[in-house]
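Okay, structure first, notes after.
The values are calculated or read from the model by the stated rules, or taken from the named source; none is laboratory data. Please read these numbers as outputs of a predicted model, since none were measured by experiment. With ideal geometry, Cβ positions are generated from the backbone for all residues, glycine too; neighbour counts draw on all protein chains shown.
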Amino acid sequence: MKKIFLLLALFFSFGVPANDHLPANYSMYQTNFLFNCPEPEQCFAAFDKYMSSPEVAAEKFEVDFYAVQQNGWDDSTHGVSWYFLDEDQYAKSGLIFTTSQAGREFRKTMNDIGVEIISDTLTVHTVGVTLAGDSTTNRVTLRWSHEVTNPEMFLPLWTKFAKSIEGYDWSSNAYGLQSHYLGNNGNGISHEIWASFNSSQDALKFLSGMYGSKEFAKFAPEANKYSKFKRSYMEVSLKQYNPD
């Protein structure tokens, strides 16, 4: 599901992908939860227990539990992203979470720990490209959140820039752009740009290479005409469930 591709057609009002172009195993929807956990080991243990419960494990949901680093935006320390093939899988996940004994126990444990939900969003992929490896090897992801004021101008500009840096030795294993559908996404955020790597060292090499490149120097002032930068941070995967 994370092995994604550059869509042949972009719908620019919200940057929505053409569903008839999506392959059968593509994650049509993604839900993302960022939260503050004062006891990280307990939070992970509670979530792992929930994912291991019979009713959840039987569905083989693709999920990523990760730490949030270099945030500087809010108090988020960790996150969970769920990848859904279609509307039915999304609905099944929500039903299990809200009605099952495992869901009740998980919510109680998180409340007892003092977990605070910071952000809850529903997104879809508008652009995605896999250059190397697969989702199981891409343990680190960089994210940049933007309020795109003119998607029709910004999306092809960004796509051209992303393509232009693919050939460098510091380039990412995969990259893409997500469009927000619903949720608390932080003061007007409409799109998320991401790039994935095997390690945090590779991610830092990418940052040095990208920000120092002639391609970025050309792209940045043009992009600023059509978008407002909001935040950036790093995700470090702690456990992937049923990666595809």
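With respect to Asp112, determine if the residue is acidic (Asp, Glu), at pLDDT below 95 and surrounded by fewer than 20 Cβ atoms within 10 Å (Cβ to Cβ).
No; evaluated as a whole, the condition is false for this residue.
Taking the criterion of being assigned to a helix (DSSP H, G or I) and surrounded by 15 or more Cβ atoms within 10 Å (Cβ to Cβ), would at least one residue in segment 69-91 satisfy it? First the steps, then the outcome.
To start, the set of residues in segment 69-91 that are assigned to a helix (DSSP H, G or I) comprises 87-91.
Among the residues that remain, those that are also surrounded by 15 or more Cβ atoms within 10 Å (Cβ to Cβ) are: 89-90.
Yes; the residues of segment 69-91 include at least one that is assigned to a helix (DSSP H, G or I) and surrounded by 15 or more Cβ atoms within 10 Å (Cβ to Cβ).
Keeping to segment 125-136, report how many residues are assigned to a loop (DSSP other than H, G, I, E, B) and surrounded by 14 or more Cβ atoms within 10 Å (Cβ to Cβ).
Here the count works out to 2.
Go through the residues of segment 235-244 one by one and say whether even a single one is more than 18 Å from Tyr83 (Cα to Cα), part of a strand (DSSP E or B), of a type in the set (D, E, K, R) and out of contact with any helix residue (DSSP H, G or I) (no Cβ under 6 Å at 6 or more places or on another chain).
Filtering segment 235-244 for residues more than 18 Å from Tyr83 (Cα to Cα) gives none.
No, segment 235-244 contains no residue that is more than 18 Å from Tyr83 (Cα to Cα), part of a strand (DSSP E or B), of a type in the set (D, E, K, R) and out of contact with any helix residue (DSSP H, G or I) (no Cβ under 6 Å at 6 or more places or on another chain).
Considering each of Arg143, Arg139 in turn, give the residue that is touching a Ser or Thr at 6+ places or on another chain (Cβ under 8 Å) and at pLDDT 95 or above.
The conditions single out Arg143.
How many residues are aliphatic (A, V, I, L, M), modelled with pLDDT of 95 or more and farther than 16 Å from His78 by Cα when one looks only at segment 28-58?
Of the residues in that region, 4 qualify.
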